[in-house]
Amino acid sequence: MKVYNNVCAQRIYELLAPMIGDLMARGTIRSKANFIGLTEETISSGDLPRLAAEIKKGLVVFLGSDGAEKLAMKISQIC
Amino acid sequence: MKKTKLLWLFLGLIVVVNLTIYLSRCCGEATLTLVGDLFPVICSLVSVLCLFTAVRKFREWDFTKVAWLMLFIGIVLYFIAEVTYGFLEIILKVDMAVVFPTLADYIWCIGYIPVFIGLIMMISGYRKSGFPMGNYKVYGIMGPLLLLLLSLVIIFLLVPIIKDTETTGIAKFFYLFYPIGDLFIVFPAIILVYITSLFGRGFISRPWKLLALGFIFFTVSDLLYSYLDWLGKYDTGNIIDVGWNIGYLLIGLGGIYQVEMIESLNEVR
């Protein structure tokens, strides 16, 4: 179980890990944060909509557009 | 009780009853034939209903919904084929050991096409998702193993069928179509099993895992059926029938887990 110092990252991790597994959740948070020019420990609430949009793209194939959008909305309001 | 739990219990019940009747041969040929034809109808119907529920859960007509729709259409065709087969054998008393192919075989063959399309769409969609495809060394190992499987099928099944002068052209086509079609299904199914293993205990990939396992059970039973039937050694009530029933129910479980997963998104805080 990963513990982040960053509250937003930690809450996203706690949301994603049961869904996609611990390794994938950590990898996803890291890669998507890096993609928008951040690190896991520098995510702020203002960054969440962009981060959520990137995470959503990966989940569409499993959840469909509607399901992935719901999850993205939860992520964008998570902290 | 959750629908997934119910379906697991039903799967267990079907397997136990199926194996008991087939292994004990307790109840006569007529019962064997009835069970052998009725169980796949029931199991495929359950699968159809589960996949229908899953397709309906996707509200937007997107890539994902279409992929599941393809699998649904394929399983519907399989269900129609199972009903047709049962009708021919039980009601019309057609000797299925002699008459091949039947209308059911035409329908089964058509069913392969949307199933293959659905599985390929899932893999293609996954590749675009940004999630890792896994360790390419694993694909490097998988490749030769799949080639080995292909070689075995060619050597022990396809070549003997092609060389057989006693089998008619149309029968030969179907004897060849089934194993070739099965390979087209099992290869993407095995890739899906590997991909889903990358998600560890994450529940998002569980539906795919069950779908893939279901199609693998199908394929194994199908390949054995093709070999035995061509040799004239397959009769309804053969133990390999259990593989088809398990396959259908695992595919149905994939659908129900997908439904529960989407519904759970409404509960996530």
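No lab work stands behind these numbers, since they all come straight from the coordinates. Computed from a prediction, not measured in an experiment: that's the story for all the values here. Note that we place each Cβ from the backbone using ideal geometry, even for glycine, and neighbour counts take in every protein chain shown.
Some observations on this one:
- Check: region B:3-262 dipole with +1 on Lys, Arg Cβ and -1 on Asp, Glu Cβ, in debye: 1180
- Restricting the trypsin sites (Lys or Arg not before Pro) of region B:145-251 to loop positions (DSSP other than H, G, I, E, B) with no more than 16 neighbouring Cβ atoms within 10 Å leaves B:201, B:233.
- Furthest towards positive pole of dipole, B:122, B:147, B:170, structure part region B:115-251, Cβ charges: B:122
- Phi to ³J(HN,Hα) by Karplus 6.51 cos²θ - 1.76 cosθ + 1.60 over region B:156-172, Hz, x for Gly, Pro: 8, 10, 6, 4, x, 5, 4, 6, 5, 8, 8, 9, 5, x, 5, 5, 4
- The residues B:264, B:205, when put in order of fewest to most other Cβ atoms within 10 Å, stand as B:264, B:205.
- The spacing between region B:3-82 and region A:39-79, judged by their C-alpha centroids, is 36 Å.
- Dipole size of region B:213-269 about its Cα centre, with +1 on Lys/Arg Cβ and -1 on Asp/Glu Cβ: approximately 100 debye, rounded to the nearest 20.
- Local net charge near residue B:254, Cβ-Cβ under 9 Å (Lys/Arg +1, Asp/Glu -1): +2
- A straight chain from residue B:42 to residue B:30 at 0.36 nm per residue would run longer than the Cα-Cα distance by 2.5 nm.
- Global form of chain B, assessed from the alpha-carbon gyration tensor, a/c cut-off 1.5: oblate
- Stretchable slack from residue B:141 to residue B:128, in nm (0.36 nm times residue separation minus alpha-carbon distance): 2.3 nm
- Distance between the modelled labels on residue A:57 and residue B:233, one decimal in nanometres: 5.4 nm (7 Å Cα→Cβ projection).
- Spatially close lysines, pair count over chain B: Cα under 24 Å, gap of eight or more or interchain: 21
- Taking B:26, B:109 and counting other C-beta atoms within 10 Å, the order from fewest to most: B:26, B:109
- Here the protein assembly as shown is treated with +1 on each Lys and Arg Cβ and -1 on each Asp and Glu Cβ, and its dipole about the Cα centre works out to around 1360 debye.
- Counting only residues at least eight positions apart within a chain, or on another chain, the aspartates and glutamates with an alpha carbon under 14 Å from that of residue A:70 are A:54, B:60, B:263, B:267.
- Taking Lys and Arg as +1 and Asp and Glu as -1, the other residues whose beta-carbon sits under 15 Å from that of residue B:168 total -2.
- Taking θ as phi - 60° and the Karplus parameters 6.51, -1.76 and 1.60, the scalar couplings of region B:193-204 work out to 4, 5, 4, 5, 5, 5, 8, x, 8, x, 7, 5 Hz in sequence order, x denoting glycine and proline.
- Here is the result for region B:153-207: no chymotrypsin sites (Phe, Trp or Tyr not before Pro) lie in DSSP coil with at most 14 other C-beta atoms within 10 angstrom of their C-beta.
- Farthest positive-ward along the protein assembly as shown dipole, Cα basis, beta-carbon charges - from B:185, B:108, A:18: A:18
- When you restrict to C-alpha pairs under 8 Å that are six or more residues apart and normalise by the size of region B:144-212, the relative contact order lands at 25 percent.
- Relative to the current alpha-carbon distance between residue B:6 and residue B:155, full extension at 0.36 nm per residue lengthens the span by 49.4 nm.
- Sorting the segments A:4-15, A:31-42, B:70-81 by their mean number of nearby beta carbons within 10 angstrom, highest to lowest, gives B:70-81, A:4-15, A:31-42.
- Of the trypsin sites (Lys or Arg not before Pro) found in region B:1-95, those in coil by DSSP whose Cβ has at most 11 other Cβ atoms within 10 Å are B:2, B:25, B:93.
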